[in-house]
Amino acid sequence: MKNHGSETTHWDHPRMSELFQSMADLNAIKFSAYRTGMKLRRLQKCLCLDLLSLNAADGIFQQHELILQNNRTMDVPEMISCLSTIYETLAMDHTSMVNVPQSVDMCLNWLLNVYDTVRSGRIRVLSFKIALILLCNAHLEDKYRYVVRCVADENGFIDQRGLGLLLHDCIQIPRQLERLLVRRQQHRAQRTQLFQHVVVMCKVDFLQAPTHPRFPAQMGNKSHIEPVHFLSWLKMEPQSMIWMPVLHRMAASETAKHQSKCNICKECPIVGLRYRCLKCFNFDLCQNCFFAGRKAKHHKLSHQMQEYCTATTSGEDVRDFAKVFKNKFKSKKHYQKHPRVGYLPVQSVLEGDNLES
């Protein structure tokens, strides 16, 4: 594959090329958070990382002495050695699902595509660990806690450099998948914009709000944040990281069956994610119709929607009915005054290529 911007050429594993080509149909998904989530889920399963537990990954990192080495870089042989241990471990429990040589080659290929676009043959240990942890099989909050610990100092705080490196490495994952949809000339301007935005958000929300009960007054304007505050920010599903909770919701809903009928394509039961309109009475959408932005006679894309990963309980049905009833009496002026961000696309927030120092 030729990169005309850097005038470099790199090779993709044939299976990896097939995987990326198969993702072309997902570009029709209207909302990029879901488009990226679907692509990541397909990638996760193809790389067999959905079989890797966080504890197993951490144990292998310790075995290869990567726990306290986050700031150094690792070369290709070292990456292959660690990946081989990972996939050999997975193959012991999933013999028919894991082809060790192919999985090692493909995962290495993906890591280099994400973090070594100039093909220097080296990436940061931190980048290596973050990528594998974010796509392993674990609870979302456990993943967040793990990667945050990777950039915390000996006192448990995160400074601006650590925050920048963490977000940079996280955002490279969706960036690589969406690279064909983004113009190269946007990168440098958006790098500065994203870094400043996140640092300011964390400082304003978590350090400059001494009146909030969570924040002691003595914190003042320090140049670092506590992990618990950054984790709270992540739980708010900021646009730059929303693809992670979306990925988890998609994985959780894959086999879910909802005893409802899609009002557009008439699928019944709805399998996967289910969307209930909180403006129209008894109006449901399957994930395919929602992703495509399909509309009905009285239903509009601007209507507030409730997403369900699993079948609803009677209590949730009653709650939603009450919301629909309440929304029926809200005027257009109310929605103009209180616009909902809802399921907006993830902005093309990209950090620059050179954060190695």
Which ones in region 250-285 are of a type in the set (D, E, K, R), surrounded by fewer than 18 Cβ atoms within 10 Å (Cβ to Cβ) and on the phi < 0 side of the Ramachandran plot? Glu254, Lys257, Lys261
Among the residues of region 125-135, are any surrounded by fewer than 16 Cβ atoms within 10 Å (Cβ to Cβ) and touching a residue at least 24 places away in the same chain (Cβ under 8 Å)? no
Would you check if Ser302 is over 22 Å from the mean Cα position of the chain (by Cα), closer than 22 Å to Arg35 by Cα and part of a loop (DSSP other than H, G, I, E, B)? yes
Return the residue satisfying two criteria in turn: it lies in region 255-269 and is touching a residue at least 40 places away in the same chain (Cβ under 8 Å) and part of a loop (DSSP other than H, G, I, E, B), and of such residues it is nearest to Lys295 (Cα to Cα). Gln259
Quick check on this structure: which one of Tyr335, Tyr308 is within 30 Å of Leu135 (Cβ to Cβ), of a type in the set (Ser, Thr, Tyr), at pLDDT below 90 and out of contact with any Cys (no Cβ under 8 Å at 6 or more places or on another chain)? Tyr308
If you take the residues of region 270-291 that are in a loop (DSSP other than H, G, I, E, B) and farther than 22 Å from His248 by Cβ, which of them is modelled with the highest pLDDT? Phe283
Those residues of region 67-124 which are of a type in the set (Gly, Ala, Ser) and assigned to a helix (DSSP H, G or I), in sequence order: Ser81, Ser84, Ala91, Ser103
Among the acidic types (Asp, Glu) and modelled with pLDDT of 85 or more: which single residue out of Asp12, Asp25 fits that description? Asp25
For region 141-161, name all the residues that are part of a helix (DSSP H, G or I) and touching a residue at least 40 places away in the same chain (Cβ under 8 Å). Glu141, Asp142, Lys143, Tyr144, Arg145, Tyr146, Val148, Arg149, Cys150, Val151, Gln160
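The values are calculated or read from the model by the stated rules, or taken from the named source; none is laboratory data. Please read all numbers here as calculations on a predicted model, not as lab measurements. All Cβ positions, even for glycine, are placed from backbone atoms using ideal geometry, and neighbour counts span all protein chains on display.
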